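Student: Please find one structure pasted underneath; my questions will follow.
The values are calculated or read from the model by the stated rules, or taken from the named source; none is laboratory data. Not measured: the values here are computed from a predicted model. Counting neighbours? That spans all protein chains shown, and the Cβs are built from the backbone with ideal geometry, glycine included. Keep in mind that these areas ignore ligands, DNA and RNA; they rest on the heavy atoms of the full protein, side chains included. Shrake-Rupley method; radii C 1.70, N 1.55, O 1.52, S 1.80 Å.
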2 protein chains.
Amino acid sequence: MVTASAPGKVYLFGEHAVVYGEPAVPCAVERRAEVTVEERTEGLRVHAEDLTLDGFTVEFGNGDHPDVDAPETMVEAGMGYVSEAVAQARDAAGVEEVGFEVSIESAIPLGAGLGSSAAVTVAAIEAATRELGVELDPEEIADRAYRVEHEVQDGQASRADTFCSAMGGAVRVEGDDCRTIDGVDDLPFLIGYDGGAGDTGALVAGVRDLRDEYGFAADTVTAIGDLVREGEDALVDGDLERLGQLMDVNHGLLSALGVSARSLDAMVWAAREAGAHGAKLTGAGGGGCIVALDPTDAPLTALDYTPDCEESFRAALASEGVRVE
Amino acid sequence: MVTASAPGKVYLFGEHAVVYGEPAVPCAVERRAEVTVEERTEGLRVHAEDLTLDGFTVEFGNGDHPDVDAPETMVEAGMGYVSEAVAQARDAAGVEEVGFEVSIESAIPLGAGLGSSAAVTVAAIEAATRELGVELDPEEIADRAYRVEHEVQDGQASRADTFCSAMGGAVRVEGDDCRTIDGVDDLPFLIGYDGGAGDTGALVAGVRDLRDEYGFAADTVTAIGDLVREGEDALVDGDLERLGQLMDVNHGLLSALGVSARSLDAMVWAAREAGAHGAKLTGAGGGGCIVALDPTDAPLTALDYTPDCEESFRAALASEGVRVE
């Protein structure tokens with residue numbers, strides 16, 4: 001039996017524009033998904049402790065459709081990642097006839113822009129390969145996890161989430177080129193969570209339609225890319241004030257692309273007015289989380305008093321990516 | 001004694017970017033400033049009924065500083081426009097030694113992005129010139145009113161507000177080129193007002209700094225200009241849905257330039273979630289008004305229940321500009 005964990009992430013800059021080849025800077029944060037894997041004779045049995053509010057257990061036989069009473073879409077999403085992840089582990093170990101008992105405990109809100117599925121996938125591949133006696137380097141785990149997301153999300157995946165979760169720290173993603181950004185010690189991230197989740201597919205499609213229809217929307221996407229390049233300099237310089245300013249602008253450009261939401265704007269303003277250097281939505285948008293930058297806890301208090309905010313927490317930069325617990 | 005009135009305006013598209021030579025489309029709305037002028041022997045006596053919540057009266061002697069108990073900045077702003085407006089009227093009539101008694105009644109919130117000062121200035125020039133027996137065409141009133149704003153606002157004026165207020169309807173402004181847009185019958189504008197006002201000078205300076213510092217901010221300004229050109233087509237086509245979509249994007253681009261505010265975003269979302277075709281801040285931002293587009297009153301109800309909204313009202317397109325009452 002092996003337990004592995006992997007961190008969630010926030011987008012410091014660049015979500016959505018990254019789909020069109022612009023650079024993006026996701027950062028791993030100290031909210032982890034923990035996956036425990038134990039070999040069994042056959043099939044796949046999955047316990048998800050925190051994946052939904054109530055938790056559920058699903059047993060796959062050989063090709064049977066799982067029979068559970070959790071919401072169908074939730075199960076399909078969660079199970080898709082896990083079953084593809086163990087398939088990657090079987091492939092890496094060169095074994096075919098092996099079953100797994102998998103337990104997931106995740107502290108990362110689902111579908112809220114914090115990379116929960118990538119963290120579960122990365123941790124599951126690490127735990128399952130270790131359980132089979134194979135040790136992969138984090139780059140290979142990242143690559144295999146990307147293939148899982150690509151498969152489960154009908155080809156709509158970005159390498160950003162899985163690479164960031166596997167490697168930890170601040171990373172730079174541009175197309176298929178992923179690399180870690182050295183020299184970033186810590187970033188005082190605060191998260192506000194509205195308790196909801198956006199529809200990633202619809203949001204990505206909305207940006208695509210807008211960009212196809214209007215030249216100025218295409219220019220807005222390009223502007224985000226240029227902002228990310230400025231942001232990289234500020235990141236290496238450790239210039240929190242400048243990072244915050246750029247986060248604010250990035251949030252506005254995302255709003256222009258139609259991916260913000262009332263709750264996200266309310267949380268962003270609460271954080272800013274409480275003195276945060278800057279704040280923006282993170283991930284696909286439409287609902288979910290915002291990320292703010294502030295060494296003090298004042299924005300957390302402000303978020304706690306914001307009706308649209310269900311939960312707020314500090315999440316330091318996770319310098320470690322995937323690891324065995 | 002002559003009474004003249006002139007309408008306020010909303011920016012359908014293009015505020016801030018217009019400063020950098022991009023086109024903008026302000027639209028006159030049915031909230032008017034009414035100015036009554038009566039000749040007197042000398043000096044200037046001004047009654048402002050609705051210019052502040054309490055109203056005030058100021059008497060200028062010959063070069064004396066006025067002595068009143070209203071807030072200094074409010075008086076200086078209001079009086080500056082009126083005294084420059086009557087100076088324009090004296091100039092147009094070719095008389096020097098004439099005094100005026102001026103009464104202002106304005107239903108346009110002050111400094112809130114609805115062009116209150118332009119409406120007062122335009123109506124004051126019309127009333128004062130008529131009182132002196134001179135009839136100017138609206139283009140000349142617009143031009144003289146622009147010179148007043150230019151003088152009072154230390155060279156920071158745009159021709160947009162004064163031209164729109166003098167001519168009425170939907171207008172197009174690009175640099176010094178101002179023209180009315182024909183064929184626009186009505187637009188179902190709704191206004192939400194947070195009770196406050198932004199600091200126009202600071203907001204304009206903030207955009208300038210951002211634009212000077214970052215290429216992507218300059219590109220954001222350019223994107224607004226491109227959006228305005230698309231918006232003109234939608235306006236002529238009477239395509240409310242497209243106009244609304246473009247208003248939403250314009251608001252996001254303005255947010256990226258740092259000129260939105262918590263209250264403005266809250267009102268914009270209230271209107272959108274109540275079914276408005278679109279909504280955006282109008283004018284300099286930082287506080288003041290938003291404009292939404294909807295033929296139903298549902299967004300007004302939503303705005304009434306929005307804590308950040310102090311007042312909401314419908315304001316149809318004002319097809320008539322300045323007029324004698």
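Student: For a quick check of your reading of the model, give me the residue pairs whose first member lies in region A:137-157 and is under 14 Å from A:G115 (Cβ atoms), whose second is open to solvent by less than 50 Å² (accessible area, probe 1.4 Å) and not in a helix (DSSP H, G or I), with beta-carbon atoms closer than 7 Å and at least 6 apart or on different chains.
Tutor: From residues that are under 14 Å from A:G115 (Cβ atoms), the pairs are A:Y146/A:A157; A:E149/A:A157.
Student: Then there is this: Name the one entry in B:E232, B:E241 that is touching a residue at least 24 places away in the same chain (Cβ under 8 Å), over 23 Å from A:G206 (Cβ atoms) and open to solvent by 20 Å² or more (accessible area, probe 1.4 Å).
Tutor: Unique residue meeting the criteria: B:E232.
Student: Can you name the number of the only condition in (1) more than 11 Å from chain A (Cβ to nearest Cβ); (2) over 17 Å from the mean Cα position of the chain (by Cα) that B:L246 fails?
Tutor: (1)
Here's the yes/no breakdown for (1) in contact (Cβ under 8 Å) with a residue 24 or more places away in the chain; (2) of a type in the set (G, A, S); (3) under 17 Å from A:G252 (Cβ atoms):
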{"residue": "B:G175", "(1), (2), (3)": "yes, yes, no"}
{"residue": "B:P188", "(1), (2), (3)": "yes, no, no"}
{"residue": "B:I191", "(1), (2), (3)": "yes, no, no"}
{"residue": "B:A202", "(1), (2), (3)": "yes, yes, no"}
{"residue": "B:G206", "(1), (2), (3)": "yes, yes, yes"}
{"residue": "B:D212", "(1), (2), (3)": "no, no, no"}
{"residue": "B:T220", "(1), (2), (3)": "yes, no, yes"}
{"residue": "B:D237", "(1), (2), (3)": "no, no, no"}
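Student: Now for a different question. A:L227 - would you say it is within 14 Å of chain B (Cβ to nearest Cβ), touching a residue at least 24 places away in the same chain (Cβ under 8 Å), surrounded by 23 or more Cβ atoms within 10 Å (Cβ to Cβ) and farther than 16 Å from A:G258 by Cβ?
Tutor: In short, yes.
Student: So, in region B:84-108, exactly how many residues are of a type in the set (S, T, N, Q), crowded, with 21+ Cβ neighbours inside 10 Å and either outside the structural domain of B:A142 (by TED's automatic domain parsing) or modelled with pLDDT of 90 or more (or both)?
Tutor: Selection size over region B:84-108: 1.
Student: Something else about it: Run down A:G275, A:G258 and say which single residue is open to solvent by 20 Å² or more (accessible area, probe 1.4 Å) and under 23 Å from B:D226 (Cα atoms).
Tutor: Exactly one residue qualifies, and that residue is A:G258.
Student: Between residues in region B:273-300 that are assigned by TED's automatic domain parsing to the domain that holds B:S116 and residues that are open to solvent by 10 Å² or more (accessible area, probe 1.4 Å), which pairs lie under 7 Å by C-beta distance while being six or more apart or on different chains?
Tutor: Every condition considered, no pair remains.
Student: Related question: Restricting attention to region A:200-218, and to residues there that are surrounded by fewer than 14 Cβ atoms within 10 Å (Cβ to Cβ) and away from chain B (no Cβ under 11 Å), which single residue is farthest from A:L12 (Cα to Cα)?
Tutor: A:D212
Student: Please pick out the residue among B:G244, B:G169 that is on the phi > 0 side of the Ramachandran plot and small (G, A, S).
Tutor: Matching residue, one of B:G244, B:G169: B:G169.
Student: Check B:E126, B:E131, B:E151 and return the single one that is out of contact with any Lys or Arg (no Cβ under 6 Å at 6 or more places or on another chain) and open to solvent by 50 Å² or more (accessible area, probe 1.4 Å).
Tutor: Just a single option satisfies the conditions, and that option is B:E151.
Student: Go through region B:23-35 and count every residue that is open to solvent by less than 30 Å² (accessible area, probe 1.4 Å) and out of contact with any Lys or Arg (no Cβ under 7 Å at 6 or more places or on another chain).
Tutor: 3
Student: A further question on this structure: Report yes if A:V184 is in contact with a strand residue (DSSP E or B) (Cβ under 7 Å, 6 or more places away or on another chain), of a type in the set (V, I, T), open to solvent by less than 30 Å² (accessible area, probe 1.4 Å) and closer than 27 Å to A:A302 by Cβ, otherwise no.
Tutor: Taking the combined requirement at face value, the residue satisfies it.
Student: Out of all the residues in region A:208-215, is one or more of a type in the set (A, V, I, L, M, F, W, C) and farther than 23 Å from A:S158 by Cβ?
Tutor: Looking for residues that are of a type in the set (A, V, I, L, M, F, W, C) and farther than 23 Å from A:S158 by Cβ, one finds none in region A:208-215, hence no.
Student: Can you tell me which residue in region B:266-285 is farthest from the other protein chains (Cβ to nearest Cβ), limited to those that are in a helix (DSSP H, G or I) and over 20 Å from the mean Cα position of the chain (by Cα)?
Tutor: Residue satisfying both the conditions and the ranking: B:A271.
Yes/no matrix, rows are residues, columns are (1) over 25 Å from A:E49 (Cα atoms); (2) out of contact with any strand residue (DSSP E or B) (no Cβ under 7 Å at 6 or more places or on another chain):
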residue: A:S117; (1), (2): no, yes
residue: A:V120; (1), (2): no, no
residue: A:A124; (1), (2): no, no
residue: A:D137; (1), (2): yes, yes
residue: A:E140; (1), (2): yes, yes
